[in-house]
Amino acid sequence: MTGHIDPTKEVFAQFRDNDREGQIQMLNLVRLKPRAAYPDGREATGAEAYAAYGRESGPVFVRLGGKVVWQGQFELMLIGPAAERWDHCFIAEYPSVAAFVEMIRDPVYREAVKHRQAAVEDSRLIRTKPLAIGKGFGEIPD
């Protein structure tokens, strides 16, 4: 089974077309391959390749106003598939949809993403709209 690595063109078009005002937060769940799978055959672990992705794409991310607002270390799947695990869990915040789209289109980022594609076995990237904190977990603020 192939994991989820890149968005489809159709889903990315939906993402881009929903260009509402304000910040977006992207929940990232990433599982790495033991060995990276580069098309040119170069050798690296998945962790090494993902670190290269971070080093090379980081300046573009920061220049466009991106920042990591939360990260955590996966410990246990309490609800969900018991075998599922994640190597990286974090929320990246962008000032706008346009900033994220600009990052994806940046030539430096497009080169760096090759490391992510080689490194990642499976991932989830969930776009969210930041909301005010409610009084409890059952309340969804306006």
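What does the accessible area of I126 come to, in Å² to the nearest 10, when a probe of 1.4 Å is used?
80 Å²
Applying a 10 Å radius around every beta-carbon, put 28-36, 13-21 in order of their mean neighbour count, most first.
28-36, 13-21
Stick to the Cα atoms of the stretch 1-111, pair each with every other, and give me the Kirkwood hydrodynamic radius in Å at one decimal.
This gives a value of 15.8 Å.
Give me the percent of the accessible area of the chain that comes from carbon and sulfur atoms, probe 1.4 Å, all protein chains in place.
56 percent
Over the C-alpha atoms of the stretch 63-106, what are the Rg and the largest Cα-to-Cα span, Dmax, in Å?
Computed over the Cα atoms of the stretch 63-106, radius of gyration and Dmax are 14.4, 38 Å.
To the nearest µm²/s, what D does Stokes-Einstein give for the stretch 62-142 at 37 °C and 0.692 mPa s, using the Kirkwood radius over alpha carbon pairs as Rh?
211 µm²/s
Averaged per residue, what accessible area in Å² does the stretch 40-85 show with a 1.4 Å probe, protein chains only?
Computed with neighbouring chains in place, this is 73 Å² per residue.
The values are calculated or read from the model by the stated rules, or taken from the named source; none is laboratory data. Remember, it's a predicted structure, so these values are computed and weren't measured experimentally. Ideal geometry is used to build each Cβ from the backbone, glycine not excepted, and the neighbour counts take in all protein chains shown. Note: accessible area is taken over every heavy atom of the protein model, side chains too, but ligands, DNA and RNA are not part of it. Shrake-Rupley method; radii C 1.70, N 1.55, O 1.52, S 1.80 Å.
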